[in-house]
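The values are calculated or read from the model by the stated rules, or taken from the named source; none is laboratory data. Predicted model only: the values in this text are computed from it and were never measured. Positions of Cβ are generated from backbone atoms using ideal geometry, with glycine treated the same way; all protein chains shown enter the neighbour counts. All accessible areas refer to the heavy atoms of the entire protein, side chains included, with ligands and DNA or RNA removed. Shrake-Rupley method; radii C 1.70, N 1.55, O 1.52, S 1.80 Å.
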Amino acid sequence: MPVAGSMHPEAGSEALWARALKVFPGGVNSPVRAFRGVGGTPRFMHGAEGATIRDVDGRTYTDFCMAFGPLIFGHRDPDVLRAVQEALERGWSYGTAEPGSLELAEFIRDRVPWVEKLRFVTSGTEAVMSALRVARAATGRSRVLKFAGCYHGHLDSLLVQAGSGLAEQTRPDSAGISAAVAAETLVADLDDLPQLDRLLERHGRELAAIIVEPLPANHGLLIQRNEFLHAVADRARGCGALLVLDEVISGFRVAFGGMAELSGVRPDLVTYGKVIGGGFPVGAYGGRADLLDLVAPAGPVYQAGTLSANPVSMAAGLATLRKLAASPPYAMLAARTAELAGAVEQGLHAAGLRGACVPHLGSLFWPLLAGPLGRETLPRRPDHCAPEHRIRYAPFFHGLLARGHYLAPSPFEVGFVSTAHEPERLAALATDSVEVAARVARELAG
Ligand code: PMP
């Protein structure tokens, strides 16, 4: 077997990709990794440090994908590494009560007032799935309302999209999901309160929960007006549904208390993932104690997991959250990201990519290469992104990859800045974006 890491062609990305296609569906273990959104062969990565990631072909990139969000201190942060090594020395799976999860849970509860109790799971998907089960049990209702453009993991009931006619006619967004399960979910548009009110007038009494990503970051970055988020919370309460904030991306990332802290919206239930595990597999759902007490063995809602609260993940999460609380990097990250986004946006405009913009919040940014012309505000819904974005993004991505910047290999995934991204690296991305955007504009015009 060729050894990944040597620079022989048989161990390079091209060769590994040929092998991967034979053993994994589409060559990967999660779809975006396959580069379908940008074309070309995925780079096989086998090492990372700080702001950089290395492929098996011997190239190093500044990483702006950052494992899709968990690594707020960059790769191999020394404090996280130490905590993980110490945990490993003691043992890596017990399947018992253990102190690591207790420490992490108390650390969160003592700082995030709306998390009175919580339960650790292994992924964001599991967190959302479990939170909705609790909501159904608590309300005795079965339907859930979500917003188009928000992603909540791959649980059946939320892999749905609005039907072509009425918003309440939902259909599966994946093969293998029954129409009956899809029909349990209603899909509303972001930033459209009148439509939400119409839906709730007819179906409000059927809803167990309204779930929203308070910072939608899975169809690019669709920053919501604060008034809209508050209105969603009011409407949920008005119809007796629980408000579930999905903070898998935004939790501990935009502020320690996530978007709930920044917006002032208080959830009944909240879901976490990514940063809470410091780059190891963790999810969590938490919220009102009376709701969490419905979960087994305290209550009738069954939910369990062999690897739940895995001690290595707990150690990584606790080291990460301790560091975030001890010296909050949020203002610095937001300032650096704002500067980066502003510089890239100027470059896109200078290149003549009309309608382009770079929405950003905290340490998240999204180069939108074609918004609807003439729009003065930020994109807030999926249809605020023009179809040309997809066409422009592929050469933009590859141009930057060739210059040593690894953006997410999809036009609809956001970029992440970590504390390990020095200002010079951000400046280099901005400079190279200008050149690459100009070339993309010329090539697509010509
Ligand atoms: N909710 C949100 C907001 C997410 O962004 C994601 C994953 N990107 C999930 C849920 C699902 O998390 P996981 O991939 O860990 O299952």
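Phi-derived couplings, Karplus 6.51 cos²θ - 1.76 cosθ + 1.60 at θ = phi - 60°, listed residue by residue for segment 328-336: x, x, 5, 5, 5, 4, 5, 5, 5 Hz, with x used for Gly and Pro.
Think of segment 78-326 as a dipole: +1 on every Lys or Arg Cβ, -1 on every Asp or Glu Cβ, centred on the Cα centre; then among Pro78, Val282, Gly305, Gly305 lies furthest on the positive end.
Given R0 = 45 Å, the distance between the Cβ atoms of Arg205 and Ile391 translates into a calculated FRET efficiency of 0.50.
Given the Cα-Cα distance of Ala402 and Thr41 and 0.36 nm per residue of separation, how much length would full extension add, in nm? Walk me through the intermediate numbers first.
On the way: separation 361, 0.36 × 361 = 129.96 nm, distance 1.30 nm.
Full extension from Ala402 to Thr41 adds 128.7 nm.
From the C-alpha coordinates alone, can you work out the Kirkwood hydrodynamic radius of segment 78-326, in Å? Evaluated over segment 78-326, this radius sits at 18.3 Å. Label positions at Glu116 and Glu98, each projected 7 Å from the Cα along the C-beta direction, are separated by 2.9 nm.
Over segment 78-326, what relative contact order in percent results from Cα pairs under 8 Å that are six or more residues apart? Kindly include the intermediate steps, with their values, before the conclusion.
Working: 500 pairs, mean separation 72.9, N = 249.
Computed value for segment 78-326: 29 percent relative contact order.
Note on the chain: with charges restricted to the Cβ of Lys and Arg (+1) and Asp and Glu (-1), its dipole about the Cα centre is near 440 debye.
Which pairs in the list Lys274/Lys323; Lys22/Lys146; Lys22/Lys274 are over 27 Å apart, alpha-carbon to alpha-carbon?
In this structure, Lys22/Lys146; Lys22/Lys274 lie more than 27 Å apart at Cα.
Protein-only accessible surface at a 1.4 angstrom probe places the residues Glu247, Glu10, Glu227, Glu184 in the order Glu227, Glu10, Glu184, Glu247, largest first.
Considering every alpha-carbon pair of segment 169-262, the percent of pairs per 10 Å bin, from zero through the bin containing the longest distance, is 15, 43, 34, 8.
Rg/Rh, computed from the Cα trace of the chain with Rh as the Kirkwood radius, has the value 0.96. Calculate log10 I(q)/I(0) of segment 289-364 for q = 0.15, 0.24 Å⁻¹, where I(q) comes from the Debye formula with a single equal point scatterer on each Cα and nothing for solvent. Scattering profile of segment 289-364, log10 relative to I(0): -0.77, -1.03.
For Arg171 and Arg59 in the same chain, what is the full-extension length gain: residue separation times 0.36 nm, less their Cα-Cα distance, in nm?
Values: separation 112, 0.36 × 112 = 40.32 nm, distance 4.33 nm.
Going from the current span to full extension adds 36.0 nm.
Could you tell me what percent of the accessible area of segment 78-326 is made up of carbon and sulfur, with a 1.4 Å probe and every protein chain present? Result for segment 78-326: 53 percent of the exposed heavy-atom area is carbon or sulfur. Between Ala350 and Asp197, the modelled label-to-label distance comes to 4.6 nm, taking each label 7 Å out from Cα in the direction of the beta carbon. In this structure the amide hydrogen of Gln161, modeled in the peptide plane, comes within under 5 Å of the amide hydrogens of Arg171, Asp173, none closer than 5 places in sequence on its chain.
Computed over protein heavy atoms with a 1.4 Å probe, the accessible surface of segment 334-434 works out to 38 Å² per residue. Mean residue ellipticity, 222 nm, helices only, the chain: the sum of -39500 (n - 2.57) across DSSP H runs of n ≥ 4, divided by residue count and rounded to 500, is -11500 deg cm²/dmol.
In the chain, a dipole from Cβ-located charges (positive for Lys and Arg, negative for Asp and Glu) runs towards its positive end, and of Gly238, Trp114, Leu199 it is Leu199 whose Cα lies farthest in that direction. May I ask for the net charge around Arg322, where only other residues with Cβ less than 14 Å from the Cβ of Arg322 are counted and Lys, Arg are +1 while Asp, Glu are -1? In short, -3. Among the chymotrypsin sites (Phe, Trp or Tyr not before Pro) within segment 235-310, those in coil by DSSP and having at most 13 neighbouring Cβ atoms inside 10 Å are Tyr302. Shape annotation for segment 208-310: C-alpha extents along the principal axes are 39, 35, 22 Å, from largest to smallest. Only bridges with both residues in the chain count here: give the DSSP antiparallel percent, nearest 5. Within the chain, antiparallel bridges account for around 55 percent of the total. Net charge of the neighbourhood of Leu269, taken over other residues with C-beta under 15 Å away and scored Lys/Arg +1, Asp/Glu -1, is +2. Over the residues of segment 311-446, compute the C-alpha Rg and express it relative to 2.2 N^0.38 Å. Its radius of gyration relative to the 2.2 N^0.38 Å reference: 1.15. With contacts taken as Cα pairs under 8 Å at a separation of at least 6 residues, segment 332-446 carries a relative contact order of 32 percent.
Considering only the other residues whose Cβ falls under 10 Å of the Cβ of Ala241, what net charge follows from Lys and Arg at +1 and Asp and Glu at -1?
It works out to a net charge of +3.
With Cα atoms defining each centre, segment 288-309 and segment 26-99 are spaced 30 Å apart in the structure.
With one equal scatterer per alpha carbon and no solvent term, the Debye-computed log10 I(q)/I(0) for segment 38-138 at 0.14 1/Å reads -0.85.
Using Cα-Cα distances under 8 Å and only pairs 6 or more residues apart, what relative contact order does the chain have, in percent?
On the way: 912 pairs, mean separation 90.5, N = 446.
It rounds to 20 percent for the chain.
Modelled label positions at Arg19 and Ala427, each set 7 Å beyond Cα in the direction of Cβ, lie 4.2 nm from each other. Among Tyr61, Tyr94, the sequence by solvent-accessible area, most first, with a 1.4 Å probe is Tyr94, Tyr61.
Return the percentage of antiparallel bridges among DSSP beta bridges fully within segment 78-326, rounded to the nearest 5 %. It would help to have the intermediate numbers written out before the result.
Values: 12 of 28 bridges.
The answer is about 45 percent antiparallel.
A simple rule links phi to the HN-Hα coupling: the Karplus curve 6.51 cos²θ - 1.76 cosθ + 1.60 with θ = phi - 60°, which for segment 399-408 gives x, 6, 4, 5, 9, x, 10, 9, 8, 4 Hz, with x for Gly and Pro. Applied to segment 380-387, the Karplus parametrisation 6.51 cos²θ - 1.76 cosθ + 1.60 on θ = phi - 60° returns per-residue 3J(HN,Hα) values of 10, 9, x, 7, 8, 9, 6, x Hz, with x for Gly and Pro. Near Gly415, the amide H atoms lying under 5 Å from its own belong to Phe365, Trp366; only residues 5 or more places off or on other chains count, and H is placed 1.01 Å from N.
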